[in-house]
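The values are calculated or read from the model by the stated rules, or taken from the named source; none is laboratory data. All figures in this text were calculated on a predicted structure; none of them were measured in a lab. In this analysis, Cβ positions are derived from the backbone assuming ideal geometry, glycine residues included, and neighbour counts consider all displayed protein chains. The accessibility values were calculated without ligands, DNA or RNA, using every heavy atom of the protein model including side chains. Shrake-Rupley method; radii C 1.70, N 1.55, O 1.52, S 1.80 Å.
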Amino acid sequence: MSWVSKTLNSTLGRKLMMALTGLFLIIFLLGHVSGNTLLFKNDGGEAFNIYAKFMTTNPAVKILSYLTYISVIAHVVYSIILTKYNKSARPVAYANSKASTNSSWNSRNMGILGTIILIFLAVHLQGFWYKMHWGDMPVVSYGGEQYKDLYTIVNFAFQSELLVALYVVAMGFLGLHLSHGFQSAFQTLGLNHVKYSPAIQKLGLAFSIIVPALFASMPIYIYFINMN
């Protein structure tokens, strides 16, 4: 077995993979939410549709997309492996462990939060990503060039109160997942120091609030503008 395989199959290697894939997905979320803020632009979806075409046709973005898919799969697989390893290493729970006093609720339930987010991701991809790539999409024209009208699909989808509620609740779970995962990734990478650890914690808390809140505000905004 090569040193790469040994490293990846060690406990430390698995934690490093969780941290690195987690940080990559955090960067992806930042880019994704930035682009999706174009939904707030009052231009009938033109800027958003142009952005959507760029994100699905640009070669460099396609490579980043494949890296994102790989990161999601690796993050899930390694989380399952680490969870099983931790359970096998401690087959009998400690008596009077008082876990609630030693750690936060979200840090103890990262697996549950991750599973909920994964289910939501499947719903999200089927509703928008799959349709954008292979579904029957309406088409619009800007400046003589045709674009798939993803804005209309999004606009129609978020007229459903149930779907809007699903997105808002899911973003709450995402925030809980990020609030622990952000600083945990830096800790795994050994980036702990009395000087900058508090800054990392504050940055992680801000990220885990602002980014999910922005994502959640989009379906709410679209729902209410359609009521007028």
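Here are some notes:
- Region 24-45, residues that are in contact with a helix residue (DSSP H, G or I) (Cβ under 8 Å, 6 or more places away or on another chain) and either under 21 Å from TYR142 (Cβ atoms) or at pLDDT below 95 (or both): GLY35, ASN36, THR37, LEU38, LEU39, PHE40, LYS41, GLY44, GLY45
- From the list SER217, SER208, SER184, SER179, the lone residue that is under 20 Å from the mean Cα position of the chain (by Cα), part of a helix (DSSP H, G or I), among the hydroxyl-bearing types (Ser, Thr, Tyr) and over 30 Å from VAL154 (Cα atoms) is SER184.
- Within region 89-126, tally of residues that are in a helix (DSSP H, G or I) and either at pLDDT 75 or above or under 15 Å from the mean Cα position of the chain (by Cα) (or both): 21
- Top-ranked residue in region 139-158 [being open to solvent by 50 Å² or more (accessible area, probe 1.4 Å) and not β-branched (Val, Ile, Thr); ranked as farthest from GLY204 (Cα to Cα)]: GLY144
- Qualifying residue in region 20-35 (condition: under 14 Å from LEU150 (Cα atoms) and either assigned to a helix (DSSP H, G or I) or open to solvent by 70 Å² or more (accessible area, probe 1.4 Å) (or both)): yes
- Any hit, region 161-172, residues being more than 22 Å from the chain's Cα centre (by Cα), of a type in the set (Gly, Ala, Ser) and either assigned to a helix (DSSP H, G or I) or farther than 18 Å from VAL72 by Cβ (or both): no
- Flag for LEU189 being open to solvent by less than 80 Å² (accessible area, probe 1.4 Å) and either in contact with a Lys or Arg (Cβ under 7 Å, 6 or more places away or on another chain) or farther than 22 Å from GLU46 by Cα (or both): yes
- Within region 191-205, tally of residues that are β-branched (Val, Ile, Thr) and part of a helix (DSSP H, G or I): 1
Yes or no, residue by residue, for (1) open to solvent by 80 Å² or more (accessible area, probe 1.4 Å); (2) under 25 Å from LEU38 (Cβ atoms); (3) touching a Ser or Thr at 6+ places or on another chain (Cβ under 6 Å):
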site	(1), (2), (3)
LEU125	no, yes, no
TRP129	yes, yes, no
MET137	no, yes, no
SER160	no, yes, no
VAL164	no, yes, no
SER184	no, no, no
PHE207	no, yes, no
